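Chemist: I'd like to ask you about the structure that follows.
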Amino acid sequence: MATPGQPGDGGVPVNIRTDIPHPARVYDYWLGGKDNFAADRAAAEQVLQFMPEIVDTVRGNRQFLVRAVAFLRDAGIRQFLDIGSGLPSSPNVHEVVQAGGTGARVVYTDHDQVVVSHAQALMTKRNEDSVSVVHADLRDVDKILSGAAGLLDLTQPVALIFAGVLHHIPDSDDPAGVVARYLAALAPGSYLVISHATDEPSPEKMAANAQVADNSGTILIPRDRDAILRMFNGRELVDPGLVLVSYWRPEGGEPGPNADRAWVYGGVAAV
């Protein structure tokens with residue numbers, strides 16, 4: 001297991017709550033990043049004590065995202081809308097889909113100002129005009145679609161991505177219904193990518209993980225495969241369907257030795 005990320009508290013944007021853990025920054029720590037604060041690291045370490053599988057889970061999820069968007073890039077998709085994208089981690093979506101000079105355009109969205117500030121700074125540094133970021137909660141569908149339309153042509157196919165974010169939305173907010181509202185705005189030929197934490201391998205550990213999130217003021221709701229499948233709103237999934245992420249088109253055709261320790265389901269569906 002690699003050592004999680006080191007402190008990165010410098011350059012904090014104004015009005016940012018660094019005393020409360022945030023899922024994107026905790027996730028960054030587990031990935032080995034530096035864009036996290038003491039509260040994030042404390043929550044992350046607490047989970048590691050009883051669930052060492054969390055590192056395989058978040059890394060497996062990240063690797064799934066990379067493979068999924070590469071698949072869609074190779075299928076000819078040139079527009080990507082990444083909902084709740086989290087902190088930039090290389091390789092990120094735009095790095096993958098723009099490989100080979102595809103001219104692909106990417107819109108990232110997140111509700112955390114730290115995430116948005118980092119993404120904006122990255123785009124400015126690279127003088128990047130094919131990537132933009134929208135600051136909004138994923139449930140504010142109209143705001144996100146309006147912002148995305150500044151770069152994306154929604155009359156043409158788009159890859160809509162919810163990677164490791166819908167498990168932060170409670171049932172009362174109807175995550176499948178939220179996804180449906182985005183789908184209604186997409187053109188034929190679009191695709192939907194979802195990955196979502198599951199408690200099926202170990203309900204006890206995932207329940208404890210969710211309790212840490214709850215204690216820190218965030219939400220984590222791992223769900224079973226059937227509940228996650230409903231979020232695809234009946235769209236037809238490409239092979240191999242909805243599977244644990246390490247089994248979704250793994251590099252070389254075989255999942256790695258820790259495949260069963262990545263407790264996330266993932267799939268890609270044609271819209």
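Chemist: Which one, Ala163, Ala210, Pro52, projects farthest toward the positive side of the charge dipole computed for the chain from Cβ point charges (K/R +1, D/E -1)?
Modeler: After comparing all options, I get Ala163.
Chemist: Taking the dipole about the Cα centre of the chain, with the C-beta of Lys and Arg at +1 and of Asp and Glu at -1, give me whichever of Ile194, Gly76, Phe232 is farthest to the positive side.
Modeler: Gly76
Chemist: Something else: Classify the range 167-215 from the C-alpha gyration tensor, please: rounded if a/c falls under 1.5, else prolate or oblate depending on whether a/b exceeds b/c.
Modeler: prolate
Chemist: When a/c is below 1.5 the answer is rounded, else prolate if a/b is larger than b/c, else oblate, so apply that to the chain with a ≥ b ≥ c taken from the square roots of the Cα gyration tensor eigenvalues.
Modeler: Details: a/c = 1.42, a/b = 1.14, b/c = 1.24.
It is rounded, given that a/c, with a ≥ b ≥ c, falls under 1.5.
Chemist: Shifting gears a bit: Just check the range 12-65 against the gyration tensor rule for me: Cα atoms, a ≥ b ≥ c as the square roots of the eigenvalues, rounded for a/c under 1.5, and otherwise prolate or oblate depending on whether a/b exceeds b/c.
Modeler: Taking the square roots of the gyration eigenvalues as a ≥ b ≥ c, the range 12-65 is oblate.
Chemist: What is the extension gain from Asp171 to Asp74, computed as 0.36 nm multiplied by their sequence separation minus the C-alpha to C-alpha distance, in nm to one decimal?
Modeler: Result: 31.5 nm gained on full extension.
Chemist: Arranged from highest to lowest average of other beta-carbon atoms within 10 Å per residue, in what order do the peptides 137-147, 56-66 appear?
Modeler: With the highest mean Cβ count within 10 Å placed first, the list reads 56-66, 137-147.
Chemist: Suppose only helical runs count, i.e. DSSP H with n ≥ 4. What mean residue ellipticity at 222 nm does that imply for the chain under -39500 (n - 2.57) per run, divided by all residues and rounded to the nearest 500 deg cm²/dmol?
Modeler: -11000 deg cm²/dmol
Chemist: On average over all directions, what projected area in square nanometres does the range 22-173 have, based on the convex hull of its Cα atoms?
Modeler: Directional mean of the projected Cα hull area for the range 22-173 stands at 9.6 nm².
Since every read-out is calculated from the coordinates, none of them should be taken as a lab result. As the structure is a computational prediction, the values presented were derived from the model and not from experiment. Here the Cβ is made from the backbone with ideal geometry for all residues, glycine too, and neighbour counts use every protein chain on show.
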